[in-house]
Amino acid sequence: MSLAAPNPAHHSAPTAIVRHDWTREEVRALFALPFPELMFRAAEVHRANFDPCEVQISTLLSIKTGGCPEDCAYCPQSAKYDTGVKAEKLMEIEKVLAEARAAKAAGASRFCMGAAWREPKERDLDSVCAMVEGVKALGLETCATLGMLTGTQAQRLRESGLDYYNHNLDTSPEFYGEIITTRCYQDRLDTLEHVREAGINVCCGGIVGMGEGIEDRVGMIATLAGLPVHPESVPINMLVQVEGTPLEGSAKLDPLDFVRTIAVARITMPASVVRLSAGREEMSEETQALCFLAGANSIFYGPKLLTTPNPGRDRDMALLDKLGLRAME
Ligand code: SF4
């Protein structure tokens, strides 16, 4: 009896080594792998770095909704598009803390606060710093997403106890101008650098399904994986098309291309938590299961889950149960 010939597509690359020198060619080659090979490699890397049955769960609260001066083509909160989202004022600190307490009681370990700003004004930053202090005092990890930050602002947030800052690169440098014109890619990279320098963990990823080409997904992942320190959290979003935004009616992305993007993020950023973010509501259970197989190990719970009965939350729990996954401590 003879042994099967070795498969040349099989690789012997170590699975736990974190590299920052990924070339576009290498990332492109990963995207081009046969699906079973890509999934196998991603699962190998996942297992070498994490318990594949654990999923980190974050809770997100919009502390300042709508009326944003930026023109991100996917976003219902931009004041430039008529999407029916009303501009609201920054929430009062007591209300935010009440939501954080509810999140904690519901089992969340991290509480993310999002504000629809181009960048925070100093007065607003005072309020957010007070919120961060308050949430931290409840024993929760803190995360914020407030737009662009200066080095001094990042430092102030760190001093208030901010653990994570979210700032996405969204897409490739080449495609970025098609999606946002009110700031540039370098602005994003500068904020990420300020956050990093302040000693705050970085949460940074992007969106797929915005009409970008495969090369843009390659460019986005290569940029993220080429950062001097990989983001601790890498959210990968599937575009949710919102009525009134310029991306309404874009061609739908094949869910398998979404899964591939997750897998390539997992392989190139082995020690990062890869978050299956927006778009989950429209995904089949099968697609979500493939994402977990491809190395996704974090999900978001939306804000309304905290105070109102939420069928979405029950559905999520049922899916995690069905797949034998459990919440990361
Ligand atoms: S900066 Fe944020 S809130 Fe403002 S339009 Fe862009 S994505 Fe929306």
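Results, tabulated for the structure shown:
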item: Where a residue in segment 252-263 is on the phi > 0 side of the Ramachandran plot and open to solvent by less than 60 Å² (accessible area, probe 1.4 Å) and its partner, wherever it lies, is modelled with pLDDT of 95 or more and of a type in the set (S, T, N, Q), with Cβ under 8 Å and at least six apart; result: none
item: Residue count, segment 87-116 (criterion: surrounded by fewer than 19 Cβ atoms within 10 Å (Cβ to Cβ), away from the ligand (no atom under 14 Å from the Cβ), outside any helix (DSSP H, G or I) and of a type outside the set (A, V, I, L, M)); result: 4
item: Residues being buried (at least 17 other Cβ atoms within 10 Å of the Cβ) and closer than 18 Å to ARG217 by Cβ - total across segment 173-199; result: 7
item: Hey, ARG266 under 14 Å from the mean Cα position of the chain (by Cα) and either in a loop (DSSP other than H, G, I, E, B) or not polar (S, T, N, Q) (or both) or not; result: yes
item: Conditions (1) of a type in the set (Ser, Thr, Tyr); (2) at pLDDT below 95; (3) closer than 26 Å to MET317 by Cβ; number of the one not met by SER272; result: (2)
item: Test: residue in segment 58-67 that is away from the ligand (no atom under 16 Å from the Cβ) and either over 19 Å from the mean Cα position of the chain (by Cα) or touching a residue at least 40 places away in the same chain (Cβ under 8 Å) (or both); result: yes
item: Qualifying residue in segment 39-56 (condition: in contact with a strand residue (DSSP E or B) (Cβ under 7 Å, 6 or more places away or on another chain) and either open to solvent by 40 Å² or more (accessible area, probe 1.4 Å) or near the ligand (Cβ under 9 Å from one of its atoms) (or both)); result: yes
item: In segment 269-304, the residues that are in a helix (DSSP H, G or I) and more than 14 Å from the chain's Cα centre (by Cα); result: GLU281, GLU282, GLU285, GLU286, THR287, GLN288, ALA289, LEU290, PHE292, LEU293, PRO303, LYS304
item: Helices (runs of 4 or more DSSP H) wholly inside segment 147-249 that include at least 1 residues being more than 16 Å from the ligand (Cβ to nearest atom), modelled with pLDDT of 95 or more and farther than 28 Å from GLY295 by Cα; result: 151-160, 185-197
item: Subset of segment 132-172 (residues that are open to solvent by 30 Å² or more (accessible area, probe 1.4 Å) and acidic (Asp, Glu)); result: GLU133, GLU141, GLU159
item: Single match in TYR81, TYR74 (criterion: touching a Gly at 6+ places or on another chain (Cβ under 6 Å), within 15 Å of the ligand (Cβ to nearest atom) and not in a helix (DSSP H, G or I)); result: TYR81
item: Candidate set: segment 118-138, residues that are out of contact with any helix residue (DSSP H, G or I) (no Cβ under 7 Å at 6 or more places or on another chain) and not in a helix (DSSP H, G or I); chosen: the one farthest from the ligand (Cβ to nearest atom); result: LYS121
item: Single residue of GLY205, GLY199, GLY226, GLY219 found to be among the small types (Gly, Ala, Ser) and on the phi > 0 side of the Ramachandran plot; result: GLY199
item: Residues of segment 11-32 satisfying the condition of being at pLDDT below 90 and open to solvent by less than 50 Å² (accessible area, probe 1.4 Å); result: THR15
item: Members of segment 206-251 that are open to solvent by less than 10 Å² (accessible area, probe 1.4 Å) and without any contact (Cβ under 8 Å) to a residue 24 or more places away in the chain; result: none
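Residue-by-condition table, conditions (1) of a type in the set (Asp, Glu); (2) over 19 Å from GLU197 (Cα atoms):
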| site | (1), (2) |
| --- | --- |
| GLU212 | yes, yes |
| ILE221 | no, yes |
| HIS230 | no, no |
| SER233 | no, no |
| LEU239 | no, yes |
| GLU243 | yes, yes |
| PRO246 | no, yes |
| ALA251 | no, yes |
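So that you can scan it fast, the table gives a plain yes or no per residue for (1) farther than 19 Å from CYS204 by Cβ; (2) free of Cβ contacts under 8 Å to residues at least 60 places away in the same chain:
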position: GLU99; (1), (2): yes, no
position: ARG110; (1), (2): no, yes
position: ARG118; (1), (2): no, no
position: LEU140; (1), (2): yes, yes
position: TYR165; (1), (2): no, yes
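The values are calculated or read from the model by the stated rules, or taken from the named source; none is laboratory data. This one's a predicted model, so the numbers in the text were calculated from it and none came from an experiment. So basically every Cβ, Gly included, is an ideal-geometry build from the backbone, and we count neighbours across all protein chains shown. Side chains are part of the model used for accessible areas, which takes the heavy atoms of the whole protein and leaves out ligands, DNA and RNA. Shrake-Rupley method; radii C 1.70, N 1.55, O 1.52, S 1.80 Å.
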